[in-house]
Amino acid sequence: MCGIFGYCNFLCEKSRREVCDTLLNGLSRLEYRGYDSAGFAVDGDIEDTLIIKQVGKVAALRKLTDDQPLDFSKPFISHCGMAHTRWATHGQPSQINSHPQRSDDKNEFVVVHNGIITNYKEIKLLLEKKGYVFESDTDTECVAKLTKYVFESHNKELNFTELVKTVVKELEGSYAFIFKSTHFPNEIVATRRGSPLLIGVKTQKKLKVDFVDVESSDNSFATVEGQDMSRPALNRSQSRAFLSEDGLPQPIEYFLASDASAIVEHTKRVLYLEDDDIAHIADGELHIHRVRRSKEDNTAPTRSIQTLEIELAEIMKGSFDHFMQKEIYEQPESVVNTMRGRVNFENHEVTLGGLRGFTHIIRRARRIIFVACGTSYHSCLATRSIFEELNQIGTQAELASDFLDREPPIFRDDVCVFVSQSGETADTILAMRYCLERGALCVGVTNTVGSSISRETHCGVHINAGPEIGVASTKAYTSQYIALVMMAIQLAQDSKSSQKRREEIIDGLYRLPSDIKEVLAIDAKLQQLAVEQLAQEKSLLILGRGYQNATCLEGALKIKEISYIHSEGIFAGELKHGPLALIDETMAVILVMTQDKYYPKVQSALQQVSARSGNPIVICNTGDENLKNHHRTIEVPKTSDCLQGLVNIIPLQLLSYHLAILKGVDVDFPRNLAKSVTVE
Ligand code: G6P
């Protein structure tokens, strides 16, 4: 949901072409977050700021940039630029609504924003009364204009950090911002609350220390109305990281981004901003301040500079046509990465280091409540029953948005598990904070180290699936599923009665990579099925039962989100309570009928469908003679019942991919969607 990117070079000469290319390449990496329009701001020729914006994908912005009558060879020894790729929330995708948004037609203050300002109407009204004229429909424009207003109402005396601090104190909602201004040349200020933002640092010499001090500049300095102008003395402790040994300034580059994937090609040294941090980059130094310093502020006094563990190859498509295809094919490896160092296949034990010290609390829980959105929610549904079976603890799965709407009672002896690939989904984060406030133990299951959910929960599990770029989640689903199964096993590890069952599941986990490979090997057959039968359909029902309920929902989600064919996952037990009315010889149906204890019941669903002239395609276990001769089948290897969903989802992922290709959909960038939904 919008990607922001910033680039600052200090004493490190770059041509305008290089600066623009760095910004545009950064945007390309973040494009999965939003791709309806894009824009960037760089220095002009006369101490001004140039803004270039375009509707459509980053490629369109790149073309527009090339067409500008600019001197691209102009060198900049030091420079600060910023860029944005948008997923529209306020206002249609249009050039005027694209970011950067500006304070005025001289571009005095320009802003890029990821998030939503919920009180923007009030701010806009106030500013309109003061004579400001708005040009866009965005919530962000009010921030650019408010910045100018605050600056002027304080007689232009605030420095850039103080100014942004004063502005963001007036804002409600969620944001990650980068600010740039002609009043503060070669400076950038970035801040976040609720939306991710990290800063990459690239230097020739080693940094003195691997952390940045949070500087203490006490109290608030100013207010919008300007009554409180008493400025306490700044207690500046220049961050030790940027002190040079010989006292001479060092060349340095900074890369600010919503996501590490835009930074890793430049540097692996990054620091993650915390909510309410204000990062100020000027004269080659990065200073971190807090919006408010209060007694309750219990954030660390430093921000550590960490080393990214992702490799550039992981965020490239390689020989695949699309990220989604690559990610589907990566699953035999990504599932191993999720289990690596955690599952001991010989003595049948699971050790999740992130839960160490918390397992005894979880075992005593009154309830386990999973909270998630989209595909992540389906991984919770898929594993809920193995939690209940192994641990005998009531386990429920909640959609984060519905959970927030209901405001259900949550108690101190509840354990709440927040599952999120990105770790940044707004609804899931809000639900997490709701549960934290009520004293529940909060567990995070994410794919993103350093994300809000992994930082703010008490403990958790990283699924280690590697970066997932395709909007339609595939490998993250299988890895989340495995992470949750591992958690269920670890919690039950002391129970003798479930030992056999645990061993059977761990043996199934061992075979999983080869089971997945076996399904990937029938890809050509699935492609043929898509061409011959499914691409013509307007609607497709996916039916199953028990463990496969989640497979049906997830398969249908994949198909609808990237092929735009209407598809519904239907619990076979509910068939006769309504959905059966849809069945006739024209309705496309896929029935998931692998062999587990529900098989006879699914057989009865098959009979009900057949009796209404339906002719379903059946996903069954290899060699199921009952079905083979009577139905078009997709055969998959048999595994432990609670892991079968991991195998069964693969043909549905592949089918959705082929259907999207046949429909001419831009697979990695389906319309109206975004990978990371950081707004409610
Ligand atoms: C978006 C994505 C989905 C994802 C969902 C939850 O809708 O398109 O692929 O499942 O958000 O995201 P999360 O990062 O919390 O797993």
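The values are calculated or read from the model by the stated rules, or taken from the named source; none is laboratory data. Bear in mind that the values here come from a model prediction, so they are computed numbers and not experimental data. FYI the Cβ positions are ideal-geometry reconstructions off the backbone, even for glycines, and counts take in every protein chain you see.
Some notes on this structure:
- When ARG438, ARG406, ARG455 are screened for being away from the ligand (no atom under 11 Å from the Cβ) and without any contact (Cβ under 8 Å) to a residue 24 or more places away in the chain, only ARG406 passes.
- Output for segment 229-265, where each listed residue is among the polar types (S, T, N, Q), assigned to a loop (DSSP other than H, G, I, E, B) and modelled with pLDDT under 70: SER230, SER237, GLN238, SER239, SER244
- Restricting LYS295, LYS317 to residues that are surrounded by fewer than 17 Cβ atoms within 10 Å (Cβ to Cβ), assigned to a loop (DSSP other than H, G, I, E, B), over 21 Å from the mean Cα position of the chain (by Cα) and modelled with pLDDT under 85 narrows the list to LYS295.
- Test for THR191: is it touching a residue at least 40 places away in the same chain (Cβ under 8 Å) and outside any loop (DSSP other than H, G, I, E, B): yes
- From the list LYS148, LYS165, the one residue that fits, being touching a strand residue (DSSP E or B) at 6+ places or on another chain (Cβ under 7 Å), of a type outside the set (Val, Ile, Thr), within 22 Å of ILE199 (Cβ to Cβ) and in a helix (DSSP H, G or I), is LYS165.
- Which numbered condition ILE362 misses (of (1) away from the ligand (no atom under 16 Å from the Cβ); (2) touching a Gly at 6+ places or on another chain (Cβ under 8 Å)): (2)
- The helices (runs of 4 or more DSSP H) falling completely within segment 420-523 that include 1 or more residues that are under 23 Å from GLU398 (Cα atoms) and modelled with pLDDT under 95 map to 426-437, 452-456.
- Enumeration of residues in segment 476-489 that are away from the ligand (no atom under 16 Å from the Cβ) and either among the β-branched types (Val, Ile, Thr) or surrounded by fewer than 24 Cβ atoms within 10 Å (Cβ to Cβ) (or both): VAL485, ILE489
- Verdict on GLU585 being farther than 16 Å from TYR657 by Cα and in contact with a Pro (Cβ under 9 Å, 6 or more places away or on another chain): no
- Among the residues of segment 9-54, just one is crowded, with 22+ Cβ neighbours inside 10 Å, aromatic (Phe, Trp, Tyr) and either free of Cβ contacts under 8 Å to residues at least 24 places away in the same chain or over 15 Å from TRP87 (Cβ atoms) (or both), namely PHE40.
- Residues (small (Gly, Ala, Ser), within 26 Å of the chain's Cα centre (by Cα) and part of a loop (DSSP other than H, G, I, E, B)) located in segment 3-46: GLY34
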